[in-house]
Amino acid sequence: MRLVIHAGIHRTGTTSLQRTLAKNRAALLAQGVAYPGEAPNHQALAWELVRGQSGAREVLALVEGAGAERVVLSGEDFAIQTDLAWLAAVAARHDVRVVFYLRRQDHWLASWYNQHVKWPFDARKSRMDPQAFLAALEDFHWLDYERLLGRWSAVLGAERIGVAVLEKGQVEDATADFLTRAGIDPAGLDLDAERVNDSLPVHLLEIARHLGLHAMKGGKRTRLLNALREGLADRAPVPPVATVYSPEERNRVLARYAASNRAVARRFLGRETLFLEPPPGPDAPYWRFPELPRDALLDDWVAPVIRALLG
């Protein structure tokens, strides 16, 4: 059996890919490819492996019971695992391949901060300002791509590791790229053209992080986020700004991972540069919430949200 694991990383088009795979289970099986289970992804399994609640036995039961010669698993939290003993046991019985999608670390950090504020799963990080979040960079150990890919290569061999760089001019559609890598014919599949899991506009993040979204259920979160978007639409920066990090902050992040990125480019892509986009220049735009008098803050940033929430 060939097992192909889509292992992330986060914020690289994973939700669209997983939705496409999940809603095409029957069509995939007709091609001899199983996407086992009923959930949109295999994040639950990935987390059970991280916590030591599952191991090789559970993975083998899932893939060997899938009823196909090719099996695909997808979960971005496969990327955060540091103990891959389960993988070695599975690879001893089957042909295992893994595919990683990499995003430049400064862009990833801005997107991951946005996700923590917009749809939080960590109470502490959901209330951080951008600089505190940046100071927690060490928590995101998988951003050292040389170490990440090195762990998986030590088990599978570098030849079984697929590396794709998500940026303009390289891979721009992770779903189409993964289908090709997994040997899946897209003809006849219902492809997910809708953009999902979009980031919150950056000018809303400072208000959003103070709203206690972590404690809210999904429906309430969605209503409040929609009110933010509606009430503060006219506060959006023009031209649009995509990051809360200054060029200096972003370049410090890039410098931190420069050697790691170069090593990955050499080993897996046969070139010197992993990311082709130039680093941000000194005038690259970024968003900082303005310092405002109390009345202006309430009138211009709080009251419109309340009005939008009330309809």
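What the table below lists for this structure:
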item	result
Rg/Rh for the range 134-217, where both radii come from Cα atoms and Rh is the Kirkwood radius	1.07
Rounded to the nearest 10 Å², the accessible area of Ile306 at probe 1.4 Å	90
Cross-link partners of Lys125 among aspartates and glutamates (Cα-Cα below 14 Å; sequence separation of 8 or more within a chain)	Glu138, Asp139, Glu206
All-pairs Cα distance distribution in the range 148-292, expressed in whole percent, bin size 10 Å	8, 24, 28, 28, 11, 1
Sulfur and carbon atoms: percent of accessible area, the chain [1.4 Å]	52
1.4 Å probe accessible area per residue over the chain, in Å²	48
nm² value of the averaged projected area, convex hull over the Cα atoms of the range 60-139	7.1
Mean separation of Cα contacts under 8 Å, 6 or more apart, over the residue count of the range 52-191: relative contact order %	30
FRET efficiency, Glu248 to Asp122 (Cβ-Cβ, R0 30 Å, nearest 0.05)	0.70
Residues of the range 271-311 with amide N under 19 Å of the 7 Å Cα→Cβ point at Lys220	305-311
Helix runs (DSSP H) in the chain reaching 15 Å along axis by Cα, Kyte-Doolittle at least 0.0	145-156
Per DSSP, loop GluC sites (Glu not before Pro) in the range 115-201 with at most 14 further Cβ within 10 Å	Glu172, Glu194
Point-to-point label distance, Asp190-Ala88, nm (Cα→Cβ direction, 7 Å offset)	4.3
Average Cα contact separation per residue, the chain, under 8 Å, 6 or more apart, as relative contact order %	22
Solvent exposure, largest accessible area first (probe 1.4 Å, DNA, RNA and ligands not counted), of Tyr101, Tyr286	Tyr286, Tyr101
Largest to smallest accessible area among Val165, Val238 [probe 1.4 Å]	Val238, Val165
Per-residue HN-Hα couplings for the range 30-39 [Karplus 6.51, -1.76, 1.60; θ = phi - 60°; Hz; x = Gly/Pro]	5, 8, x, 10, 9, 10, x, x, 10, 6
Other-chain or far-sequence residues with amide H under 5 Å of Ala34's (modelled H)	Arg70, Val71, Val72
Sites Ala27 and Asp139 - FRET efficiency at Förster radius 30 Å, r taken between beta-carbons, to 0.05	0.15
DSSP beta bridge pairing in the range 1-158, given as percent antiparallel to the nearest 5	0
Gaussian network model of the chain, Cα within-10 Å springs - most flexible of Ala92, Ala56, Ala176	Ala92
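The values are calculated or read from the model by the stated rules, or taken from the named source; none is laboratory data. Nothing here was measured: the structure is a model prediction, and the numbers come from that model. Positions of Cβ are generated from backbone atoms using ideal geometry, with glycine treated the same way; all protein chains shown enter the neighbour counts. Ligands, DNA and RNA are stripped out before the accessible areas are found, and what is left, the full protein with its side chains, is counted by its heavy atoms. Shrake-Rupley method; radii C 1.70, N 1.55, O 1.52, S 1.80 Å.
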